[in-house]
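Every read-out reported here was derived from the displayed coordinates using simple, explicitly stated rules and does not represent laboratory data. Given the structure is predicted, the values throughout are model-derived calculations rather than measurements. As a convention, Cβ positions derive from the backbone with ideal geometry for all residues, glycine included, and neighbour counts pool all protein chains shown.
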Amino acid sequence: MSRKGRIPKREIPPDKKYGSVLVQRFINKVMLNGKKNVAESSVYAGLETASKKLGKTPMEVFQTVIDNVSPMVQLRSRRVGGANYQIPMEVSSERRIILAMQWLVRSARSRKGMPIAERLAAEFMDAFNNTGGAVKKKEEVHKMAEANRAFAHFARF
């Protein structure tokens with residue numbers, strides 16, 4: 001913890017093409033080694049490809065994808081009387097978006113044998129149709145939370 005209190009959240013300017021802060025945050029998540037232009041062009045290309053194949057606007061596709069991948073609950077470890085319990089807790093709206101983006105990028109990167117723009121497009125299309133790695137991760141988390149629901153009473157701090 002810092003001694004000076006909470007550090008304020010950075011203001012992220014909206015992206016150039018769609019004027020969306022959400023897309024800009026996703027570009028920042030995709031970016032590697034400070035190469036923002038590469039990340040930007042990859043995300044835009046991925047969104048364009050996915051939107052063409054799905055017949056929707058890129059922003060509609062992106063919004064639906066984020067909604068489909070966003071988890072409702074997450075597991076938090078808590079030590080109670082010498083044992084660690086995985087406690088299901090509701091996710092804040094901010095954290096929900098962060099997790100969705102992380103899972104999308106991770107599952108897109110895990111697809112092999114094609115450029116990142118194509119991987120992102122494929123992941124967007126899968127997530128749009130409620131399939132794919134990121135959606136699977138969300139369902140996995142929900143299943144684990146359901147299995148550990150017995151420990152939910154530990155959530156009260």
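The set of residues from segment 99-125 being more than 25 Å from Phe151 (Cα to Cα), within 13 Å of the chain's Cα centre (by Cα) and either surrounded by fewer than 14 Cβ atoms within 10 Å (Cβ to Cβ) or aliphatic (A, V, I, L, M) (or both) comprises Met101, Leu104, Val105, Ala108, Leu120.
With the condition kept exactly as written, say whether any residue in segment 52-59 is more than 19 Å from Ala152 (Cα to Cα) and touching a strand residue (DSSP E or B) at 6+ places or on another chain (Cβ under 9 Å). The answer is no, given that none of the residues of segment 52-59 is more than 19 Å from Ala152 (Cα to Cα) and touching a strand residue (DSSP E or B) at 6+ places or on another chain (Cβ under 9 Å). Checking every residue in segment 35-49 against the condition of being in contact with an Asp or Glu (Cβ under 9 Å, 6 or more places away or on another chain) and loosely packed, with under 14 Cβ neighbours inside 10 Å gives zero matches. All conditions but one from (1) under 21 Å from Val135 (Cα atoms); (2) touching a residue at least 40 places away in the same chain (Cβ under 8 Å); (3) of a type in the set (A, V, I, L, M) apply to Ala45; the one that does not is (1). Screening segment 38-157 for helices (runs of 4 or more DSSP H) wholly inside it with 2 or more residues that are closer than 16 Å to Phe26 by Cα and out of contact with any His (no Cβ under 9 Å at 6 or more places or on another chain) returns the ranges 58-69, 93-110, 116-128.
Among the residues of segment 50-70 satisfying the criterion of being touching a residue at least 40 places away in the same chain (Cβ under 8 Å) and in contact with an Asp or Glu (Cβ under 9 Å, 6 or more places away or on another chain), which is surrounded by the fewest Cβ atoms within 10 Å (Cβ to Cβ)? For segment 50-70, the residue satisfying everything is Leu54. If you scan segment 1-29, which residues turn out to be in a loop (DSSP other than H, G, I, E, B), of a type in the set (Lys, Arg) and over 17 Å from Thr57 (Cα atoms)? Those that are in a loop (DSSP other than H, G, I, E, B), of a type in the set (Lys, Arg) and over 17 Å from Thr57 (Cα atoms): Arg3, Lys4, Arg6, Lys9, Arg10.
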